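Notes to accompany the following structure.
The values are calculated or read from the model by the stated rules, or taken from the named source; none is laboratory data. From a predicted model like this one, the values you see are computed outputs, not experimental measurements. Glycine gets a Cβ as well: all are built from the backbone with ideal geometry, and neighbour counts include every protein chain shown. Accessible surface is based on the protein model in full, side chains and every heavy atom, while ligands, DNA and RNA are left aside. Shrake-Rupley method; radii C 1.70, N 1.55, O 1.52, S 1.80 Å.
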Amino acid sequence: MAFLALSGIPLMCLKSWRYQPTLMGTKARAFSGFPYSSVRKTLMTYSAETAPLKLADAALLRALINGDGDSWSFDSSTVSSRGLLATVTGTAAVEAGSAKFGTGQLKMQPGAAVSWATGLGAEWTVAYWAKLTTASAWTHYIHRPGRFIARNGVLNAATPNSGFIVASDGTYAAFTGGAVKLQAPSGFPNNPSNVPLQVDDLVALPYVIPDVWVAPWYASTAAFGPLPHHRATGDGLHKPARVLGTAKDGDAVELWEGSTRVVAESFAFELMEVPA
């Protein structure tokens, strides 16, 4: 197991890892001098600093730690973790049971479409679990601009148009108006039996994840998010926890890669445990 992972993504090269307990209540002395406690529980704040990272890699890690993006559990509604409302064409609704994670999933009848005004620009990642109701297993899809789809943790596993999102051009490099749109296939060849599509754990990130995140994301055993919160796991934690991350100040350093000088950054961050 990794020392620390956020929503299944391992964070490497950490230093100065610290445990900071926060008491939910107070400990003090009464007028008599007798010590008393009103503490109900203790929550942890984990803090650390990264090793020097290339600026592009540091920017990605900052975005991950800060919880940038939206996620959808579909446990009870089609509203995103940040409050984005859905626009529905055709018949699509949250349905209890048969979910990949949690208690519900989005069920879309053939030809139905659901979209959210995520405002994604040129840099984006959209991932989700999906299956037709006739399929026995869920499949994980990760879409990135101008790339083949990563499917079930395998890079370049399928052409961009073989998933269930709709983009504004044939290369799937951009979304119309920045809105993420899911489309349930209808008829031959993608849905010859014309059955509903099920979707769970939809995630829309305003950055392009690196290839090395693909396999651990698929291998994770729980949902991603709910953003901006993460599910923190790893050997460096007392127990798995839901956390809110903050990437803080960084320092610039210069590194050499062979004969090339590279500007890098090392930055501090903290993860605040969320009450259960």
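Observations on the structure shown:
- Accessible surface of residue 231 - all protein chains present, 1.4 Å probe, nearest 10 Å²: 50
- Taking each DSSP H run with n ≥ 4 as -39500 (n - 2.57) and averaging over every residue of the chain yields -2000 deg cm²/dmol at 222 nm.
- Computed P(r) (all Cα pairs; the range 110-227; 5 Å bins; percent): 2, 11, 22, 25, 22, 13, 4, 0
- When the listed pairs 54/248; 54/131; 27/248 are checked against a 28 Å cut-off, the alpha-carbon distance exceeds it for 54/131; 27/248.
- Tilt relative to the chain, helix 55-66 - C-alpha long axis, 0 to 90 degrees, to 10: 80
- Probe 1.4 Å, accessible area per residue of the range 30-138, Å²: 47
- For the range 1-56 versus the range 204-273, the gap between their alpha-carbon centres in whole angstrom: 17
- Mean sequence separation of contacting Cα pairs (under 8 Å, at least six apart), scaled by the length of the chain, corresponds to a relative contact order of 25 percent.
- FRET efficiency for residue 259 and residue 159, using Cβ-Cβ distance with R0 set to 45 Å, rounded to 0.05: 0.70
- Accessible-area composition of the chain, carbon plus sulfur, in percent [1.4 Å probe]: 55
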